[in-house]
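Written out below as structure tokens is the structure these notes cover.
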């Protein structure tokens, strides 16, 4: 395992994981806190969180990323690296635009820019997922999943705790709203995207044989279009259905529901901390600092456990912990803004989330055929996000209607069907590794 961790591919995937994790919270949790500080109501913040549905819809353009050559860029950088370079540059510009936009005066302009960042961030994610699967054999995917999660969580640390810390440092008076601290914060985050651009420049293009694109065909336009749809859109889905048959529905149901407890709670988490009376500095250093480090630890432990014990046992443990730890937030609703209890609750919740994420990434990677890596992995990861992100949009309304106590009980209850699906998948399916050529 130590020899595997010294592989340069592991370092590259860690850095690309950082680039992948940076934009998410800047259009999700951190943005929610910013909007709440402006005075936007919880229901509106919940609906704005639907911007993150873009991550769940990336499967719609994944076939283009798998097959379409970008003029100039593809010849210069290669198929995967050209799409990475394009999406990372667009994210950088979008974050700069968000920082320059004051939601107190131009709320929907900010939402539009957040949608731009989310679109290109989702595109970057599916390219990185494909790249990760293509550069290493299945035996290394567990390690790569753990390292990818580590880089991802480090970026989340910067985009959450780091962002709130910068905003708190630059804020002359937290009792009133000021735009300048957030402008500085988002400009800093845009600068951090240079890590992804430099890694893309440094990383080699994976040498994987894919189905021939029909872009150079001399047939009629209609035949070329039909051939492209067959190769890029239909075959990735058909291959998965052929491999699992009727049990494909069970696998897809598990993927669709696995992260529902965590993601639905995550939509309103920062708003909850704000409403409980925690300051930006406390949230930055406890929730977004210590908490992310616990997630990183969970990801590393999860990667090692998957390597040693297998995917399904860790997938089951992750599902149980995801549901159980949501109940811990009930303590904070009764205790109030106590930093000690905040550390305990956030630590246990994030440790379990990191472990579950590493197991789930390894599971999705094992399901993916290397010939259609971007499209198939995008299908899986889109299903993973679609229902949770959609339900999460109503989280503000649920809290307004019933309160935080009932909300946390509900999110924990959502995890019970997930546990049942994992047990069924473990009993009736086997993770079948597809061929790599």
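What follows is calculated from the coordinates using simple rules that are stated; it is not laboratory data. What you are looking at is a predicted structure, and each value in this text was computed from that prediction instead of being measured. Neighbour counts are summed over all protein chains in view; Cβ atoms, including those assigned to glycine, are modelled from backbone coordinates with ideal geometry.
Note: relative contact order over the stretch 289-385, using C-alpha pairs below 8 Å and six or more positions apart, is 44 percent. Relative to the compact-globule estimate of 2.2 N^0.38 Å, the Cα radius of gyration of the stretch 166-207 comes out at 1.81. Between the Cα long axis of helix 138-157 and the first principal axis of the chain there is an angle of about 30°, rounded to the nearest 10. Remark: spin-label model distance residue 178-residue 401 equals 4.0 nm, labels positioned 7 Å along the Cα→Cβ axis.
Which one of 101, 191, 176 has the biggest mean-square fluctuation once the chain is modelled by GNM with Cα springs under 10 Å? Between 101, 191, 176, it is 176 that shows the largest mean-square fluctuation. Extension gain, residue 338 to residue 47: 0.36 nm times the residue separation minus the Cα-Cα distance gives 101.8 nm. In the stretch 5-86, the alpha-carbon atoms span a convex hull of 137 Å³ per residue. Measure nothing fancy, just the Cα-based angle from helix 260-276's long axis to the longest principal axis of the chain, in degrees from 0 to 90, nearest 10. For 260-276 against the chain, the angle is about 30 degrees. Which distance in Å, rounded to a whole number, links the C-alpha centroids of the stretch 40-109 and the stretch 293-369? Here the answer is 27 Å between Cα centres.
Output the direction-averaged projected area (hull surface divided by four) of the convex hull of the alpha-carbon atoms of the stretch 76-184, in nm².
8.3 nm²
When you count the other C-beta atoms within 10 angstrom of each residue and take the mean per peptide, 148-157, 266-275 line up highest first as 148-157, 266-275.
Note on residue 390 and residue 93: the extension gain reaches 104.2 nm, defined as 0.36 nm multiplied by sequence separation minus the Cα-Cα distance. At full extension, residue 75 and residue 60 could sit 2.9 nm farther apart than now, given 0.36 nm per residue minus the alpha carbon distance. Given springs between every Cα pair under 10 Å in a Gaussian network model of the chain, which of 355, 164, 424 has the largest fluctuation? In the Gaussian network model the winner is 424. Normalised by the number of residues in the stretch 32-191, the mean separation of alpha-carbon contacts (under 8 Å, six or more apart) gives a relative contact order of 27 percent. Taking the longest Cα principal axis of the chain as reference, the axis of helix 404-413 is set at about 30 degrees.
Dividing the helix sum by the residues of the chain, where each DSSP H run of 4 or more adds -39500 (n - 2.57), gives a mean residue ellipticity at 222 nm of -23500 deg cm²/dmol.
Comparing mean-square fluctuations of 76, 426, 182 from a GNM of the chain with C-alpha springs under 10 Å, the top value falls on 76. With the alpha-carbon atoms of the chain aligned to their principal axes, the span from lowest to highest coordinate is 66, 48, 43 Å, starting with the largest.
Packing order of peptides 54-61, 78-85, highest average first: 78-85, 54-61 (average count of other Cβ atoms within 10 Å over each peptide's residues). Over the stretch 325-374, the reciprocal of the mean inverse Cα-Cα separation, the Kirkwood hydrodynamic radius, stands at 13.1 Å. Taking the inverse of the mean 1/r over every pair of distinct Cα atoms in the stretch 296-413 gives a Kirkwood hydrodynamic radius of 15.9 Å.
A viscosity of 1.002 mPa s and a temperature of 20 °C, combined with the Kirkwood radius over Cα pairs in Stokes-Einstein, give a translational diffusion coefficient for the stretch 276-338 of 157 µm²/s.
The Cα-based radius of gyration of the stretch 1-144, divided by its Kirkwood radius, gives an Rg/Rh of 1.04.
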